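Trainee: This structure is in structure tokens; I'll ask about it shortly.
The values are calculated or read from the model by the stated rules, or taken from the named source; none is laboratory data. Computed from a predicted structure; not experimentally measured. Cβ coordinates were reconstructed from backbone atoms using ideal geometry, including for glycine residues, and neighbour counts include every protein chain displayed. We work out accessible area using only protein heavy atoms, side chains counted, and drop any ligands, DNA or RNA first. Shrake-Rupley method; radii C 1.70, N 1.55, O 1.52, S 1.80 Å.
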Amino acid sequence: MFQPLLEAGLRQTMQRLVRPMLSNAVPLKLQRQLIRQVYRTSVPPRSARFSQDDLGNVPVLRTVATPEPSGTILYLHGGGFILGSASTHRGITGHLAKLSGCEVITPEYRLAPEHPFPAGLDDAESVYLALINQGLAAGCIALAGDSAGGGLALALSMRLRDHQQPLPSSITCLSPWTDLSQTHLYQPECEPVLHASWTAKAAKQYAAGAPLTDPLISPLYGDLSALPPLLIQVGSQEILLNDATRLADIAKRDCVETQLEIYNNLWHVFQVHTGQLARATQAMTVVANHVRRHLAD
């Protein structure tokens, strides 16, 4: 009985608190400040430990929740490429570290409009290659990300493949934003988080004149061949539902091992409620199992 009430309460909180601030009527500087406060409700587990570091000249947040991590997850945070940070996503990365037994590394990649494409992608690549150059085997690294970070994880994998760099062991995309042209946005009866007008403006700020259909901006327009096994999770109550289902179709077309999970009546990146909402915790457990299953021994 408690979980349905909690789910309803969280949905109302997203609708009444988060969605209004993700509006073009709110100045971006204020949006960034407000989102930092909202993410305080996404609480990491008590076992999670956080430390600052620098990899490839990019600041990162390291997260561990076990004495001897068994692998590394490079996690790319969401926020429409214009807000969010490693700090805002400590709830997600903390629970992911605990459930997977891995160290989670979250880059503070540069944000638009101050630093448009390809700045964020360049930073993600720098961190990944720094790990490789330190002697970490690619098979011991998993990629994951939510929303814009999910799309960025795909773009990074495509760039690594095209540059003949070693690929990570797996990719996980939570509510991924994969088509910034927004030509096939889903229209749910209830969308507790996102406005299409807000994501459209964020897309333009990130692309800064580059084609929105550039595969490194919108991975749906690229060739996904030879990418690592892919897990996609998405809620049915979000405008990015079609981004996820189309991604699964294209990945399967390109012979990528793909698992798509649609969570009915849940919203954009509902996994931020891991540790509180049972279905979010179950979803994150699936992510952890996906990561562990594909890590090199």
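Trainee: Kindly indicate whether any position in segment 10-18 is open to solvent by 80 Å² or more (accessible area, probe 1.4 Å), under 19 Å from the mean Cα position of the chain (by Cα) and β-branched (Val, Ile, Thr). Walk me through it before giving the result.
Mentor: Of all residues in segment 10-18, those open to solvent by 80 Å² or more (accessible area, probe 1.4 Å) come to 12, 16-17.
Imposing the further condition that a residue be under 19 Å from the mean Cα position of the chain (by Cα) reduces the set to none.
Scanning segment 10-18, I find no residue that is open to solvent by 80 Å² or more (accessible area, probe 1.4 Å), under 19 Å from the mean Cα position of the chain (by Cα) and β-branched (Val, Ile, Thr), so the answer is no.
Trainee: Can you tell me which of Ala248, Ala203 is farther than 26 Å from Ala142 by Cβ, open to solvent by less than 50 Å² (accessible area, probe 1.4 Å), among the small types (Gly, Ala, Ser) and not in a loop (DSSP other than H, G, I, E, B)?
Mentor: Checking each option against the conditions leaves just Ala203.
Trainee: What's the total number of residues in segment 96-124 that are without any contact (Cβ under 8 Å) to a residue 12 or more places away in the chain and open to solvent by less than 30 Å² (accessible area, probe 1.4 Å)?
Mentor: 1
Trainee: For segment 255-281, how many residues are open to solvent by less than 60 Å² (accessible area, probe 1.4 Å), part of a loop (DSSP other than H, G, I, E, B) and under 26 Å from Leu227 (Cα atoms)?
Mentor: 3
To keep it simple, each residue is scored yes or no on (1) of a type in the set (A, V, I, L, M); (2) open to solvent by less than 50 Å² (accessible area, probe 1.4 Å); (3) out of contact with any strand residue (DSSP E or B) (no Cβ under 6 Å at 6 or more places or on another chain).
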| site | (1), (2), (3) |
| --- | --- |
| Leu28 | yes, yes, yes |
| Pro44 | no, yes, yes |
| Gly56 | no, yes, yes |
| Leu74 | yes, yes, no |
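Trainee: Which condition breaks for Pro188 when tested against (1) part of a helix (DSSP H, G or I); (2) over 19 Å from Val286 (Cβ atoms)?
Mentor: (1)
Trainee: Continuing with the same structure: Condition (residue is in a helix (DSSP H, G or I) and more than 15 Å from Gly151 (Cα to Cα)) applied to segment 229-243: is it met by at least one residue?
Mentor: No, because not a single residue in segment 229-243 is in a helix (DSSP H, G or I) and more than 15 Å from Gly151 (Cα to Cα).
Trainee: Pairs only if they're at least six apart or on different chains, beta carbon under 7 angstrom, first in segment 277-297 and within 17 Å of Leu10 (Cα to Cα), second among the small types (Gly, Ala, Ser); list them, first residue then second.
Mentor: Every condition considered, the pairs that remain are Thr281/Gly275.
Trainee: Report whether or not Ala138 is farther than 23 Å from Leu220 by Cβ, among the aliphatic types (A, V, I, L, M) and surrounded by fewer than 20 Cβ atoms within 10 Å (Cβ to Cβ). It would help to see each step written out before you state the result.
Mentor: Working: farther than 23 Å from Leu220 by Cβ: yes; among the aliphatic types (A, V, I, L, M): yes; surrounded by fewer than 20 Cβ atoms within 10 Å (Cβ to Cβ): yes.
Judged against the criteria, Ala138 is a match.
Trainee: Next up: Between a first residue in segment 33-56 that is part of a helix (DSSP H, G or I) and a second residue that is open to solvent by 80 Å² or more (accessible area, probe 1.4 Å) and hydrophobic (A, V, I, L, M, F, W, C), which pairs have beta carbons less than 9 Å apart while being 6 or more apart in sequence or on different chains?
Mentor: So the pair list comes out as Leu34/Leu17; Val38/Leu17.
Trainee: Out of everything in segment 30-42 that is open to solvent by less than 70 Å² (accessible area, probe 1.4 Å) and modelled with pLDDT under 95, what residue ends up being farthest from Leu277 (Cα to Cα)?
Mentor: At the first step, the residues of segment 30-42 found to be open to solvent by less than 70 Å² (accessible area, probe 1.4 Å) are 31-32, 34-35, 38-39, 42.
Subsequent filtering for residues that are modelled with pLDDT under 95 retains 34-35, 38-39, 42.
Details: Leu34: 22, Ile35: 20, Val38: 16, Tyr39: 15, Ser42: 11 Å.
Ranking the qualifying residues of segment 30-42, first place goes to Leu34.
Trainee: In addition: If you scan segment 213-245, which residues turn out to be among the β-branched types (Val, Ile, Thr) and open to solvent by 10 Å² or more (accessible area, probe 1.4 Å)?
Mentor: Residues satisfying the conditions are Thr213, Ile239, Thr245.
Trainee: Sticking with this one: Just to be sure before I move on: is Arg90 among the charged types (D, E, K, R), within 19 Å of Val272 (Cβ to Cβ) and open to solvent by 10 Å² or more (accessible area, probe 1.4 Å) in the structure I sent?
Mentor: Here the answer is yes, as Arg90 does meet what is asked.
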